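Novice: If you scroll down you'll find the structure; I have some questions about it.
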Amino acid sequence: MSEFETRAIHFKQEPDRNNGAVIPPIYLASTHRQSNIGEHMEGMEYSRVGNPNRNALEEALANLEGSKHGFSFASGMAAEDAIMRVLTSAGDHVVMTKQIYGGTYRLIDKVYGGTGVESDVVDLTDEAALRAAIKPGKTKLIWIESPSNPTLAIVDIARVSEIAHEYGVLTVVDNTFASPYLQRPIELGADIVVHSTTKYLGGHSDLLGGAVIFNSDELAEQFHFLQYATGPVSSPFDAWLTHRSIKTLAVRMERHSSNAQAIAEYLLAHPKVEEVYYPGLPSHPGHEIAKRQMEHGFGGVVSFRLKDEAAARKFCVSTELFILAESLGGIESLVNYPAGMTHLSLMESPIAVSKALVRLAVGLENVKDQIADLAQALG
Ligand SMILES: *Cc1c(COP(=O)(O)O)cnc(C)c1O
């Protein structure tokens, strides 16, 4: 069981011990019988502390990221919140990458800013700027996202982790856009991986989830404590659905990536498109780094800029196959207008996006149909 696809299908998914069911059952029980006071069967006690479906998913996620410990949460934001709670307190400082998911910026700046955690937004491709931003002793985390939402910026995960470690700082990588099939940050030297499993790991736009993955045994105790002490865990059904979806992750990511690559190339050649953001294009400033730290492809999200706001807004309501909706990572293609949807509440912040920007989450339909839809919407 050494290769990724094989582990994705079989790891912690053995047929049921009692009746041989090939697909493990969903354990909806909130509590488990104790054979004597304090004696738990297979460590199962109460569902906030542990559940067979959630535990299996957590072990599978850690395994696929090439790491030791995994923790599954009710959403990507709950997972990020757990990282901030465990690793920062008042007076600490966090460095965030300039191209960052809006919800992450809001969590660190608004929620934790309100509790006395300081933060700065820094261009992590600029080594001097990164070194200048680190406050030795105070900076606890450098928050990386690569490829980033929504402009697909690339950060050199190995290099930033090396610099962070010189100062005793931990790196967190939001690996949502790549998934462990395309990129494994811990193998590149990062300390902690976070996912919105709502996206590619879930893959079908029918669940909400998040995960935190790392190697440290000491941190594992703290995360386990936080899970049972505060309770933001995945439900058994969401955990089961996510695990079910991971079995097809490799084939889905390959097709998401090849469709997105073809679409990025199509858009690049289109006279109405001003700029295309996709790390698989040689013209992308992070292409060489992306080639080094990613494998099998560059993911399914392509963003592009049109002439102005009016053109971008018109495009977003002119597609037929691409559904106008937030989110990404599902089998169906979606179109999003960041300045008026996902990033609306951030337009006055340092991470505001261009009003002419359109984000596509390229799904698994036939790429000819996808391109035909984009062509009619651009026309
Ligand atoms: C969606 C997303 C999140 C937040 O995850 P939820 O599951 O929506 O809470 C975090 N990071 C990135 C990059 C995302 O796309």
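The values are calculated or read from the model by the stated rules, or taken from the named source; none is laboratory data. The structure presented is a predicted model; accordingly, all values stated were derived computationally and were not measured. FYI the Cβ positions are ideal-geometry reconstructions off the backbone, even for glycines, and counts take in every protein chain you see. Just the protein is used for accessible areas: all its heavy atoms, side chains included, with ligands, DNA and RNA removed. Shrake-Rupley method; radii C 1.70, N 1.55, O 1.52, S 1.80 Å.
Novice: How large is the translational diffusion coefficient of segment 1-59 in µm² per second when you combine the Kirkwood radius over alpha carbon pairs with Stokes-Einstein at 20 °C and 1.002 mPa s? Each step should come with its number before you reach the end.
Specialist: On the way: Rh = 13.0 Å.
Once the numbers are plugged in, D ends up at 165 µm²/s.
Novice: Counting only protein heavy atoms, what percent of the accessible surface of segment 329-379 is carbon or sulfur at a 1.4 Å probe?
Specialist: Details: 1050 of 1840 Å².
Heavy-atom surface of segment 329-379 belonging to carbon and sulfur, 1.4 Å probe: 57 percent.
Novice: Then there is this: Please list, ordered by chain and number, the residues whose modelled amide H lies under 5 Å from the amide H of MET96; skip anything fewer than 5 residues away on the same chain.
Specialist: Long-range HN contacts for MET96: ASP120, VAL121, VAL122, TRP143.
Novice: Sticking with this structure for a sec: Once you treat every alpha carbon in segment 138-251 as an equal point and sum by Debye, what is log10 I(q)/I(0) at q = 0.19, 0.22 Å⁻¹?
Specialist: -1.10, -1.29
Novice: Another one. With +1 on the Cβ of every Lys and Arg and -1 on the Cβ of every Asp and Glu, and nothing else charged, how large is the dipole of the chain about its Cα centre, in debye rounded to the nearest 20? It would help to have the intermediate numbers written out before the result.
Specialist: Values: 32 positive and 46 negative charges, 102 e Å.
Charge dipole of the chain: 500 debye, to the nearest 20.
Novice: Based on the alpha carbon coordinates of the chain, what radius of gyration and maximum Cα-Cα distance (Dmax) apply, in Å?
Specialist: When restricted to Cα atoms, the chain yields Rg and Dmax of 20.9, 73 Å.
Novice: Using the Karplus equation 6.51 cos²θ - 1.76 cosθ + 1.60 (θ = phi - 60°), what ³J(HN,Hα) coupling, rounded to whole Hz, does each residue of segment 198-209 give in order, writing x for Gly and Pro?
Specialist: 4, 8, 6, 5, x, x, 10, 6, 9, 7, 10, x
Novice: Now, a different point. Which whole-number value in Å² is the accessible area per residue of segment 1-67, probe 1.4 Å? Numbers along the way, then the final one.
Specialist: Details: 4150 Å² over 67 residues.
For segment 1-67, the solvent-accessible area averages 62 Å² per residue.
Novice: Give me the log10 of I(q) over I(0) for segment 336-379 at q = 0.15, 0.16, 0.30 Å⁻¹, as the Debye formula computes it from C-alpha points; what are the numbers?
Specialist: Cα-only, vacuum Debye calculation for segment 336-379: -0.50, -0.55, -1.01.
Novice: Oh, and also: Mind grabbing the accessible area of TYR337 for me, 1.4 Å probe, Å², rounded to tens?
Specialist: 10
Novice: If you don't mind, another one. What are the extents of the Cα atoms of segment 250-378 along their three principal axes, in Å, largest first?
Specialist: The Cα atoms of segment 250-378 stretch 35, 33, 28 Å along the principal axes, largest first.
Novice: Another one. For the chain, modelled as a Gaussian network with Cα springs under 10 Å, which listed residue fluctuates most, ARG17, ARG106, ARG54?
Specialist: Looking only at ARG17, ARG106, ARG54, the biggest GNM fluctuation is shown by ARG17.
Novice: Grab the DSSP H runs of the chain that are 4 residues or longer, score each as -39,500 (n - 2.57), total them, divide by all residues and round the 222 nm result to the nearest 500 deg cm²/dmol. The partial results should precede the final answer.
Specialist: Details: 13 runs with 130 residues, N = 379.
After summing the helix terms and dividing by residue count, I get -10000 deg cm²/dmol.
Novice: Still on this model: Projected onto the charge dipole of segment 250-378 (+1 at Lys/Arg Cβ, -1 at Asp/Glu Cβ, origin at the Cα centre), which of GLN376, LEU357, SER283 gives the Cα projection farthest towards the positive end?
Specialist: Going by the Cα projections, it comes out as SER283.
Novice: Through the Karplus equation 6.51 cos²θ - 1.76 cosθ + 1.60, θ set to phi - 60°, convert the phi angles of segment 54-67 into ³J(HN,Hα) values in whole Hz; use x for Gly and Pro.
Specialist: Once θ is set to phi - 60°, the couplings for segment 54-67 become 5, 4, 5, 4, 4, 5, 5, 5, 4, 4, 5, 7, x, 9 Hz.
Novice: At a probe radius of 1.4 Å, what is the per-residue accessible area of LYS135, in Å² to the nearest 10?
Specialist: So the heavy atoms of LYS135 present about 70 Å² to solvent.
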